[in-house]
């Protein structure tokens with residue numbers, strides 16, 4: 001058979017720690033590689049055609065020294081279909097979600113990824129959801145929210161939770177889980193459109209942090225029993241100062257530092273002593289073994305019933321990955337960014 | 001009966017947030033008050049003669065707005081003897097340890113303090129330890145180390161613990177508890193004499209942070225599984241950068257900020273996410289109900305057997321409190337500072 005193009009998004013150059021990544025410079029779309037889909041040796045593994053790829057804020061953190069290898073494809077979360085298999089784990093036609101190289105085709109030896117990185121999961125999709133949802137609320141971001149909330153929140157009805165970047169896939173699921181548990185939800189995001197979305201999810205106090213200071217809102221609406229942090233820096237300080245005794249802080253991201261050398265200072269950390277606060281660093285796959293089955297039994301069903309809502313921004317074409325990463329780092333997207341790479 | 005002097009150490013003025021407290025200005029020794037020991041109404045309570053008072057680093061934190069009331073005596077931890085009692089809780093001659101005003105005599109209504117502040121405890125001292133030990137390793141600092149270690153360390157044999165201010169009463173007990181549990185102990189303090197003491201306690205790697213950088217030692221001796229933090233700022237950053245996955249950080253103090261507005265920045269907090277680190281704010285009395293009995297059964301006995309060691313700096317006279325506070329904030333003391341106020 002004639003070789004088929006296997007286009008890739010390569011990590012070309014480490015960006016300045018204090019700068020945004022540049023599409024075409026930091027990452028490069030490359031079409032030089034080909035693959036013989038029928039004859040490429042699988043050595044007992046399987047061949048996956050990439051259908052969808054996720055763009056997530058943490059990817060900026062892999063763009064520093066010791067992260068993505070230079071000259072190699074980016075990797076992250078994707079969804080694909082198995083087009084050939086020599087493995088007993090999967091069969092042709094199966095949909096798999098998990099760690100993929102950002103290229104059109106991947107050869108995988110096993111569903112199992114190296115610890116503590118994500119495995120691949122065969123997605124049955126009994127609820128017939130759009131496949132892209134398995135990269136959002138029913139995928140890694142959803143697991144992040146669900147596992148973290150279950151493991152660390154110790155949520156009690158009537159408590160106050162503050163959620164930063166509440167319009168993203170993680171934050172928006174946290175908001176909805178918190179409302180289901182009977183909490184008062186205070187949440188912020190960076191545009192009026194995002195504020196409207198958070199209100200539609202049931203957020204009690206939704207605000208635009210670009211026009212209203214978190215510290216002022218929390219002084220009025222707190223004290224905060226749970227802070228779900230995606231920002232770090234000033235936001236974390238505001239939450240610390242306005243926390244209740246025995247508050248729980250779930251640290252899930254620190255976007256304020258991602259494009260400025262990861263050194264956004266936190267100044268109010270001394271608050272945790274006298275208030276007996278605990279701060280949990282949340283790395284989603286640490287708790288995969290504990291909550292994965294429960295997650296897949298719960299969340300896709302709730303989404304299919306309309307009891308849990310999401311927003312998504314679907315972009316078309318593998319070549320769009322670099323621009324999508326930049327847009328997301330700047331907070332200019334509305335909802336979960338998913339790249340449509342190919343149809344089945 | 002003629003009135004007896006009831007000398008006090010008053011909190012006179014809030015010091016500048018960026019300055020050390022000044023003896024004679026921040027705090028003032030005052031001898032104007034008297035008390036009629038035989039006739040002062042007790043209203044069902046009891047009268048305590050102060051024998052010993054503790055000077056502890058946290059006291060600087062009470063010297064800001066909303067802390068110690070201006071013009072009123074300091075309060076903190078002390079040990080006294082009951083000289084009159086109308087309470088069924090204590091009898092004349094009992095020794096009590098816990099929250100006292102920094103004055104020669106205290107009238108108390110109950111052993112129970114307002115939550116979450118320390119209660120008074122009747123000390124039997126079956127081991128016949130020096131009473132001052134009940135303000136050190138067998139008192140609040142000892143409880144801080146013991147409760148915090150039991151509740152939060154999840155210590156496993158062979159792990160690495162880093163202890164800052166390892167020559168103080170909390171740090172030195174943490175070192176000894178860690179050695180008893182089979183850990184490798186890395187600890188620092190600010191003088192060669194303190195380094196010698198830490199080595200005598202069995203510390204595997206003891207260093208003077210004024211001549212050796214924590215980040216360099218930890219890069220070599222780590223990664224750190226448990227960091228017991230009394231400093232914050234750079235020390236916490238060094239521990240975060242050199243932590244293992246699933247490390248535990250027990251935040252027990254942040255002296256680096258106490259005399260500089262509590263705003264010493266922490267820059268490496270983003271480390272906690274990818275490493276699944278948890279940071280526990282340790283307020284000792286939060287866990288009093290859980291470990292108090294066990295503590296009094298364990299620690300005084302181990303001290304009396306010489307299995308747990310301590311150093312102490314005993315100063316004479318209530319009028320020395322202000323200077324002792326300053327000395328301690330500057331780290332110029334050697335061991336637990338206790339003020340001898342009176343003999344029985």
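The values are calculated or read from the model by the stated rules, or taken from the named source; none is laboratory data. Note that this is a predicted model, so its numbers are computed, not measured. Don't worry about glycine lacking a Cβ; one is built from the backbone with ideal geometry, like all the others, and counts go over all protein chains shown.
Being under 15 Å from residue A:269 (Cα atoms) and touching a strand residue (DSSP E or B) at 6+ places or on another chain (Cβ under 7 Å) is true for just one of B:257, B:261, B:281. Which residue is that?
Working: B:257 fails: touching a strand residue (DSSP E or B) at 6+ places or on another chain (Cβ under 7 Å); B:261 fails: touching a strand residue (DSSP E or B) at 6+ places or on another chain (Cβ under 7 Å).
Criteria check complete, one pass: B:281.
For the range B:139-159, which positions are within 13 Å of residue B:98 (Cβ to Cβ) and touching a helix residue (DSSP H, G or I) at 6+ places or on another chain (Cβ under 7 Å)? Talk me through it step by step, then tell me what you get.
Residues of the range B:139-159 that are within 13 Å of residue B:98 (Cβ to Cβ), as a first pass: B:139-140, B:143.
Selection gives B:140, B:143.
Which one is farthest from residue A:101 (Cα to Cα) among residues in the range A:1-20 that are out of contact with any strand residue (DSSP E or B) (no Cβ under 7 Å at 6 or more places or on another chain) and surrounded by 14 or more Cβ atoms within 10 Å (Cβ to Cβ)?
Filtering first and then ranking leaves A:17.
Which residue out of A:113, A:98 is part of a strand (DSSP E or B) and more than 30 Å from residue A:214 (Cβ to Cβ)?
Details: A:113 fails: part of a strand (DSSP E or B).
None of the other options fit; the residue is A:98.
Quick grid of which residues meet (1) more than 21 Å from residue B:151 (Cβ to Cβ); (2) touching a residue at least 60 places away in the same chain (Cβ under 8 Å); (3) in a helix (DSSP H, G or I):
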position: A:256; (1), (2), (3): yes, no, yes
position: A:273; (1), (2), (3): no, no, yes
position: A:288; (1), (2), (3): yes, yes, yes
position: A:291; (1), (2), (3): yes, yes, yes
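Just the residues that are touching a residue at least 60 places away in the same chain (Cβ under 8 Å) and at positive phi, please, taken from the range B:165-191.
Hit for the range B:165-191 is B:165, nothing else.
Residue B:231 - would you say it is in contact with a helix residue (DSSP H, G or I) (Cβ under 7 Å, 6 or more places away or on another chain) and at the interface with chain A (Cβ under 7 Å from one of its Cβ atoms)? Walk me through it before giving the result.
Values: in contact with a helix residue (DSSP H, G or I) (Cβ under 7 Å, 6 or more places away or on another chain): yes; at the interface with chain A (Cβ under 7 Å from one of its Cβ atoms): no.
It is false that residue B:231 is in contact with a helix residue (DSSP H, G or I) (Cβ under 7 Å, 6 or more places away or on another chain) and at the interface with chain A (Cβ under 7 Å from one of its Cβ atoms).
Specify which of the listed residues (A:257, A:261, A:171) is closer than 21 Å to residue A:328 by Cβ, at pLDDT below 95 and crowded, with 16+ Cβ neighbours inside 10 Å.
Details: A:261 fails: crowded, with 16+ Cβ neighbours inside 10 Å; A:171 fails: at pLDDT below 95.
After ruling out the rest, the residue left standing is A:257.
Given the residues A:270, A:182, which is the only one that is over 18 Å from the mean Cα position of the chain (by Cα), over 15 Å from residue A:163 (Cβ atoms) and crowded, with 22+ Cβ neighbours inside 10 Å? Spell out how you get there, then give the answer.
Working: A:182 fails: crowded, with 22+ Cβ neighbours inside 10 Å.
Of the residues listed, the single one that is over 18 Å from the mean Cα position of the chain (by Cα), over 15 Å from residue A:163 (Cβ atoms) and crowded, with 22+ Cβ neighbours inside 10 Å is A:270.
Quick check on residue B:226: is it away from chain A (no Cβ under 11 Å), within 18 Å of residue B:207 (Cα to Cα) and either part of a strand (DSSP E or B) or in contact (Cβ under 8 Å) with a residue 60 or more places away in the chain (or both)?
Details: away from chain A (no Cβ under 11 Å): yes; within 18 Å of residue B:207 (Cα to Cα): yes; either part of a strand (DSSP E or B) or in contact (Cβ under 8 Å) with a residue 60 or more places away in the chain (or both): yes.
Judged against the criteria, residue B:226 is a match.
Limited to the range B:310-322, what total is found for residues that are surrounded by 16 or more Cβ atoms within 10 Å (Cβ to Cβ) and either outside any strand (DSSP E or B) or without any contact (Cβ under 8 Å) to a residue 12 or more places away in the chain (or both)?
The number of residues fulfilling the criteria is 7.
Just to check your reading of the model, which residue among A:104, A:89 is closer than 22 Å to residue A:29 by Cα and in contact (Cβ under 8 Å) with a residue 24 or more places away in the chain? Spell out how you get there, then give the answer.
Working: A:89 fails: closer than 22 Å to residue A:29 by Cα.
Of A:104, A:89, the one residue that is closer than 22 Å to residue A:29 by Cα and in contact (Cβ under 8 Å) with a residue 24 or more places away in the chain is A:104.
Which of the residues that make up the range B:40-62 are buried (at least 19 other Cβ atoms within 10 Å of the Cβ) and on the phi > 0 side of the Ramachandran plot?
none
So, in the range B:293-309, of the ones that are surrounded by fewer than 17 Cβ atoms within 10 Å (Cβ to Cβ) and in a loop (DSSP other than H, G, I, E, B), which residue ends up farthest from the chain's Cα centre (by Cα)?
Residue satisfying both the conditions and the ranking: B:305.
Sort out which residues of the range B:256-269 are facing chain A (nearest Cβ under 7 Å) and either in contact with a helix residue (DSSP H, G or I) (Cβ under 6 Å, 6 or more places away or on another chain) or over 19 Å from residue A:251 (Cβ atoms) (or both), and write them in order of number.
Of the range B:256-269, the ones facing chain A (nearest Cβ under 7 Å) are B:257, B:262-263, B:265-267, B:269.
B:257, B:262, B:263, B:266, B:267 - these are the residues of the range B:256-269 that are facing chain A (nearest Cβ under 7 Å) and either in contact with a helix residue (DSSP H, G or I) (Cβ under 6 Å, 6 or more places away or on another chain) or over 19 Å from residue A:251 (Cβ atoms) (or both).
Can you tell me which residue in the range A:234-254 is farthest from residue A:65 (Cα to Cα), limited to those that are in a loop (DSSP other than H, G, I, E, B) and facing chain B (nearest Cβ under 10 Å)? First the steps, then the outcome.
Step one: of the range A:234-254, the residues in a loop (DSSP other than H, G, I, E, B) are A:242, A:252-254.
Then keep just the ones that are facing chain B (nearest Cβ under 10 Å); that gives A:252-254.
On the way: A:252: 21, A:253: 19, A:254: 18 Å.
The residue in question is A:252.
Of the conditions (1) surrounded by 21 or more Cβ atoms within 10 Å (Cβ to Cβ); (2) within 14 Å of chain A (Cβ to nearest Cβ); (3) part of a helix (DSSP H, G or I), residue B:197 clears all except one; give me its number.
For residue B:197, the failing item is (2).
Do you know which residues across the range A:109-137 are modelled with pLDDT of 90 or more and in contact with a strand residue (DSSP E or B) (Cβ under 6 Å, 6 or more places away or on another chain)?
A:120, A:121, A:122, A:123, A:131, A:132, A:134, A:135, A:136, listed by residue number.
Which one of these is out of contact with any helix residue (DSSP H, G or I) (no Cβ under 6 Å at 6 or more places or on another chain), within 30 Å of residue A:263 (Cα to Cα) and exposed (fewer than 14 other Cβ atoms within 10 Å of the Cβ): A:88, A:65? Spell out the reasoning first.
Numbers: A:88 fails: within 30 Å of residue A:263 (Cα to Cα).
Result of the check over A:88, A:65: A:65.
Yes/no matrix, rows are residues, columns are (1) more than 14 Å from every other protein chain (Cβ to nearest Cβ); (2) within 30 Å of residue A:26 (Cα to Cα):
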| site | (1), (2) |
| --- | --- |
| A:272 | no, no |
| A:293 | yes, no |
| A:301 | yes, no |
| A:305 | yes, no |
| A:308 | yes, no |
| A:311 | yes, yes |
| A:323 | yes, yes |
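Since residue B:162 meets every condition but one in (1) buried (at least 16 other Cβ atoms within 10 Å of the Cβ); (2) away from chain A (no Cβ under 14 Å); (3) under 30 Å from residue B:101 (Cβ atoms); (4) touching a residue at least 60 places away in the same chain (Cβ under 8 Å), which condition does it not meet?
Unmet for residue B:162, out of (1) buried (at least 16 other Cβ atoms within 10 Å of the Cβ); (2) away from chain A (no Cβ under 14 Å); (3) under 30 Å from residue B:101 (Cβ atoms); (4) touching a residue at least 60 places away in the same chain (Cβ under 8 Å): (3).
Is it the case that some residue within the range B:212-221 is assigned to a helix (DSSP H, G or I), at pLDDT 95 or above, within 12 Å of chain A (Cβ to nearest Cβ) and touching a helix residue (DSSP H, G or I) at 6+ places or on another chain (Cβ under 7 Å)?
No, there is no match, as no residue in the range B:212-221 is assigned to a helix (DSSP H, G or I), at pLDDT 95 or above, within 12 Å of chain A (Cβ to nearest Cβ) and touching a helix residue (DSSP H, G or I) at 6+ places or on another chain (Cβ under 7 Å).
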